[in-house]
1. Taking K and R as +1 and D and E as -1, what net charge do the other residues with C-beta under 10 Å from the C-beta of I436 add up to?
2. What is segment 436-566 by shape, rounded, prolate or oblate, if you read a ≥ b ≥ c off the alpha carbon gyration tensor as root eigenvalues and call it rounded for a/c under 1.5, prolate for a/b larger than b/c, and oblate otherwise?
3. Please compute the net charge surrounding D356, taking Lys and Arg as +1 and Asp and Glu as -1 over other residues with Cβ under 15 Å from its Cβ.
4. For segment 192-301, rounded, prolate or oblate, judged on the Cα gyration tensor with a ≥ b ≥ c (square roots of eigenvalues), a/c < 1.5 rounded, else prolate if a/b > b/c?
5. Rank M451, I434, Y524 by how far each Cα sits towards the positive end of the charge dipole of segment 416-571 (+1 on Lys, Arg Cβ; -1 on Asp, Glu Cβ) and give me just the farthest.
6. Step through the table entries K333/K458; K25/K253; K350/K458, compare each Cα-Cα distance with 29 Å, and write down the pairs that go over it.
7. Find out how many positive minus negative residues lie around R260, taking Lys and Arg as positive, Asp and Glu as negative, among other residues whose Cβ is under 9 Å from that of R260.
8. Let me make sure I get this right: for segment 315-443, a, b and c are the square roots of the gyration tensor eigenvalues over alpha carbons, sorted descending. Under 1.5 in a/c it's rounded, otherwise prolate if a/b > b/c, else oblate. Which is it?
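The values are calculated or read from the model by the stated rules, or taken from the named source; none is laboratory data. Note that the coordinates shown come from a computational prediction; the quantities given were computed from them, not determined experimentally. Cβ: placed from backbone, ideal geometry, glycine included. Neighbour counts: every protein chain shown. Accessible surface areas use protein heavy atoms only, side chains included; no ligands, DNA or RNA. Shrake-Rupley method; radii C 1.70, N 1.55, O 1.52, S 1.80 Å.
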Amino acid sequence: MTPKDEYTLETLRSAGLIDDAIAEKAAYLADEKGMDVTEVLEESGMITGEEITRAIAEHYGMEMVSLRDMDIDQEVVDAMPAEIAQRYGVVPVYKRGNELTVAISDPQDMDTLDSLRYTLSYDVVPIVASEREIKSSINLFYSAGMTRAGSALQELTEATISGIAADDTEALFGDAEDATEEDAPIIKLVSLIIIEAFRKRASDIHVEPMEKKLRVRYRIDGVLQEVESPPKRLQSAILQRIKIMSNMKIAEKRVCQDGRIQINVMGRELDLRVSVVPTNHGESVVMRILDKESLRLGLPELGFFTDDQQTFRGLIQLADGIVLVTGPTGSGKTTTLYSCLNEINTPDRKIITVEDPVEYQLSGINQVHVRADIGLTFAAALRSILRQAPNIVMIGEIRDMETAEIAVNASLTGHLVFSTLHTNDAPSAVTRLIDIGVKPFLVASSLRGIMAQRLVRKICSKCAETYKPTDRELRSLGALAGQVEDVELTRGAGCQSCAYTGYSGRIGIFEIFLITEEVQHLIYDQVNSSELRSKARELGMRTLREDGLRKVIAGQTTLAEVFRATLGDLD
């Protein structure tokens with residue numbers, strides 16, 4: 001049982017609406033069915049949703065509203081983008097000047113209220129409404145903003161496929177490869193899902209079987225957004241079509257499978273890396289969209305300021321040593337490394353990469369796909385490629401002692417080695433290598449620099465507007481605010497171009513740690529990462545958050561985005 005359920009039951013007991021026996025029974029049923037206690041109580045008829053909401057509002061001394069009876073102005077609805085309403089489960093109710101009143105179901109959720117204040121730059125005032133009414137209102141108020149894919153999916157599945165029974169879906173795939181678009185509606189439907197994802201700049205597509213529906217979501221600028229879903233009865237047909245396109249085994253539904261789709265969408269060559277995992281209600285599919293056009297990014301397009309760009313460019317032009325890029329999954333490490341290779345890929349240099357898998361095919365670069373099932377591991381591939389006399393080697397990821405040792409030896413014998421590590425900040429990469437088993441003197445001798453990075457959403461250029469920051473925002477900016485006269489921040493008002501989110505695209509924020517002679521001595525002495533971090537800051541390293549705040553001042557992103565991406569950065 002969740003903490004929210006616990007305080008809900010306690011509140012209802014205090015109000016005299018339920019006794020201990022009913023509370024215990026509701027808690028048991030909630031755990032058994034995977035439901036909220038409020039849903040259990042309402043379904044069982046023990047108490048109405050209105051009574052629950054009123055009791056919670058009275059307990060916290062807050063106003064309660066019934067959204068069913070309210071006529072909310074469109075101007076108020078427009079003050080909150082659909083993506084924000086759906087993500088936080090809130091609905092705007094009133095707007096007076098800079099004060100926005102929102103309906104929430106959980107008065108204890110202070111994190112949501114703080115996030116709304118940062119994201120919307122309004123003075124957010126909460127009132128209480130039932131969770132069911134809030135969900136219904138979100139669907140009602142933001143239905144006009146339904147994506148083209150959602151509308152098209154609904155139209156296609158209701159009109160074109162309405163006559164196909166669930167038992168007949170298997171028949172669609174007997175001649176799927178030869179079928180025309182008109183003859184095979186499922187082919188058209190799956191193609192539409194992919195095309196719309198590309199049109200909306202999604203990085204991946206999630207097709208997830210739920211108990212009563214088939215959910216389709218796009219990850220856009222790092223945030224998952226749900227679109228109108230096809231009928232549950234078409235689940236088998238849609239999943240089989242995706243497996244056919246990915247050259248997977250259609251009949252195999254018990255094990256995980258990986259595949260690849262290569263298609264041309266709107267004149268662009270796309271690779272889709274497909275993963276299928278069996279779940280309780282069917283096979284869950286994730287299609288990661290790999291757009292070759294994104295590889296044409298130069299260092300400036302990644303989001304570097306001029307000073308950091310010069311520093312990093314100096315690192316990647318060195319003749320030997322190891323340069324690491326660190327960060328969690330999805331922080332743009334691969335894109336950064338490919339951009340580096342593009343920058344230094346000249347006819348007089350031989351570049352070889354070892355990747356698992358090869359995500360993008362790069363012209364003029366030798367790329368090796370790791371295949372552990374046949375013994376072609378990172379370490380085995382590295383041993384062989386060093387005999388190919390490369391100038392530059394890129395290793396997809398340093399995962400173990402064997403790979404790390406070969407990378408270090410390669411760097412010490414005149415090769416420039418690029419690789420990635422999963423650490424939260426740059427100095428932690430040093431201790432990570434030592435933990436893996438690399439001797440400190442080898443780490444100090446081979447490392448040239450480490451860059452940690454995160455991705456934050458960019459403010460939409462078409463609806464960007466400036467505003468005076470609040471006192472709280474100025475405090476968040478710290479010393480940077482004092483360096484700028486009459487500080488003004490930028491936010492996206494929300495427009496059709498950015499789907500009313502206020503954001504379009506992403507840029508990186510960076511933390512560059514150069515391995516100087518002073519730092520090498522600290523590594524020899526095996527100091528911990530916090531001491532390394534202190535020394536790096538003394539030597540001029542900016543943290544991820546500090547770089548992010550510079551980009552806030554420059555009008556490229558928002559405080560909410562920077563704080564979301566740098567929660568672990570306490571400096």
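1. On the way: positive: R399, R432; negative: D400, E402, E405, D435.
It works out to a net charge of -2.
2. Numbers: a/c = 3.71, a/b = 2.14, b/c = 1.73.
Prolate is the answer for segment 436-566, as a/c is 1.5 or above and a/b outweighs b/c.
3. On the way: positive: R260, R273, R288, K333, R371, R399; negative: D258, E355, E359, D373, E397, D400, E402.
So the surrounding residues net to -1.
4. Details: a/c = 2.10, a/b = 1.59, b/c = 1.32.
In terms of gyration-tensor shape, prolate.
5. M451
6. Values: K333/K458 18 Å; K25/K253 37 Å; K350/K458 36 Å.
Too far apart for the 29 Å limit: K25/K253; K350/K458.
7. On the way: positive: R273; negative: D258, D271.
Overall, the nearby charge balance is -1.
8. Values: a/c = 1.26, a/b = 1.22, b/c = 1.03.
The shape class here is rounded.
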